[in-house]
Amino acid sequence: MSERTIMFGVGATKAGTSWLHRYLCDHPQCAMPQIKELHYFDRITPAKLPKEMDRLATVRAKLVADALLAKPEKAARLDVRIAEVEAWIDVMKRGAIENDAYLAHLTRNAGPGTRLVGDITPAYGLLDEDVLGQMAGMAPDTRFVMLLRDPLDRLWSNLRMMAGWRLKDGQNIDEKANHMFNRMLRGKEDPVIARSDYSGMLSRLQNVIPEDRLHIAFYEDLFTQTAVDRLCAFLGLETQEGSFDRRVHASPSATLDVDRAKKARDLLLPHYDYVLGLMGELPARWHHNREVLT
């Protein structure tokens, strides 16, 4: 294991992590789990584990049902995913963090040419410094990737995704997403606010992760070969052409009016300012939305 890099993708939610996971899955020097978002370090707790085990059981049941109805070629691919989910359920059943079991799962598909294994779970960006420090010490070469998307765009995409999950008969996505936005402004959607806390997430990461082991990149620049080459260099991988026209897990479309966007000003401006101070520059989209909010 010591010759391989472990990569943790720690966020942000709705900032390109699904695209990154697919890119690394396709990279010949990587052996990424087919399950994106293992949620090992944030859900293997007495309070959260029962619900997570139920979720995994549901995932497995759906894959089994799909495999029974699929044509042979697709069924074979689904069988591989079922086996991985079952193996992961066995790890989670242990009920406590066990580095050996976790690392064994990450490397279960690794071959002689594998340079990198990893776990991309955006919720890890919400972990406290003690847990992040434990993750950083899991192997001699452990690296972290944090993708940042314009705070307003990220927040609105997050709400649209959640609205799609909660949509009921007779509702449309615009109505539901804007209703949830109003709830958020009243303090009723705490997870969305927590995932918008770039200053908190980045501060915790910088406090425990060495500078040369943390790669911070902008979603707005991610879908270019230059950005991907820079990421590969950070991860110790040979450059691989990216599929930049491929969208992965895009949120449903909905319209956010300017008045609501401006109401997010007090929540989001500190994070624009923090990232500007940290990175020294912002993509054009960030400048546009920051001015709209001001």
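Readers should treat all values here as calculations from the given coordinates under stated rules, not as data from a laboratory. For clarity, every value in this text was computed on a predicted model and none was experimentally measured. Note that we place each Cβ from the backbone using ideal geometry, even for glycine, and neighbour counts take in every protein chain shown.
Is the shape of segment 66-183 best called rounded, prolate or oblate, per the rule: a/c under 1.5 gives rounded, else a/b larger than b/c gives prolate, else oblate, with a ≥ b ≥ c the square roots of the Cα gyration tensor eigenvalues?
Numbers: a/c = 2.29, a/b = 1.29, b/c = 1.77.
Cα axes put segment 66-183 in the oblate bin.
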Determine the principal axes of the Cα atoms in segment 255-294, then give the extent along each, sorted from largest to smallest and rounded to whole angstroms. 29, 19, 14
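Under the definition of Cα pairs under 8 Å and six or more residues apart, what whole-number percent is the relative contact order of segment 176-250?
15 percent
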What value, in deg cm²/dmol to 500, does the helix sum -39500 (n - 2.57) over DSSP H runs of n ≥ 4 give at 222 nm once divided by the residues of the chain? -16500 deg cm²/dmol
In terms of the Cα gyration tensor, with a ≥ b ≥ c the square roots of its eigenvalues, is segment 1-95 rounded because a/c is under 1.5, prolate because a/b exceeds b/c, or oblate? oblate
For residue 120, distant residues with modelled amide H under 5 Å away: 9, 37, 38
Rounded to the nearest 0.05, what FRET efficiency do residue 166 and residue 212 give with R0 = 45 Å and r taken as the Cβ-Cβ distance? Could you check? 0.60
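Quote the relative contact order of the chain in percent (integer), defining contacts as alpha-carbon pairs under 8 Å separated by 6+ residues. Write out the running numbers ahead of the final one.
Details: 392 pairs, mean separation 78.2, N = 294.
With pairs under 8 Å counted, the relative contact order is 27 percent.
Hey, fewest Cβ within 10 Å first, where do 160, 247 land in order? Could the numbers behind the result be given before it?
Numbers: 160 23, 247 10.
Ascending number of Cβ neighbours within 10 Å: 247, 160.
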Measure out, as a whole number of angstrom, how far apart the alpha-carbon centroids of segment 240-282 and segment 186-206 sit. 14 Å
Which of 94, 81, 186 has the fewest Cβ neighbours within 10 Å, and the rest in rising order: 186, 94, 81
Which GluC sites (Glu not before Pro) does segment 210-285 hold that lie in a coil by DSSP with at most 16 other beta carbons within 10 Å? 238, 241, 281
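For segment 1-91, which GluC sites (Glu not before Pro) are both in a DSSP coil and crowded by at most 13 other Cβ atoms within 10 Å? Don't skip to the end; give the middle numbers.
Values: sites: 3, 37, 52, 73, 84, 86; in loops: 3, 37.
Of the GluC sites (Glu not before Pro), the ones in loops of segment 1-91 whose Cβ has at most 13 other Cβ atoms within 10 Å are 3.
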For the pairs 14/168; 168/263; 14/262; 36/188; 93/168, note any where the Cα-Cα span goes beyond 31 Å. 93/168
Quick calc: nm separation of the 7 Å Cα→Cβ label points for residue 104 and residue 248 -> 2.8 nm
Determine the gain in length on full extension of the stretch residue 134-residue 182; use 0.36 nm per residue of separation and subtract their C-alpha separation, reporting nm with one decimal. 13.5 nm
Among 215, 134, 182, whose Cα projects farthest towards the positive end of the dipole of the chain, with charges put on the beta-carbon of Lys, Arg (+1) and Asp, Glu (-1)? 182
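Please identify every one of the GluC sites (Glu not before Pro) in segment 96-189 that sits in a loop by DSSP and has no more than 14 other beta carbons within 10 Å of its own beta carbon. Intermediate results must be reported in sequence, preceding the final value.
Numbers: sites: 98, 129, 175, 189; in loops: 98, 189.
Passing sites in segment 96-189 are 98.
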Say each of residue 91 and residue 262 gets a label point 7 Å from the Cα, pointing the same way as Cα to Cβ; how far apart are those two points in nm? 4.9 nm
Sorted by chain and number, the residues with a modelled amide H under 5 Å from that of residue 143, at a separation of 5 or more or across chains, are 6, 7, 8
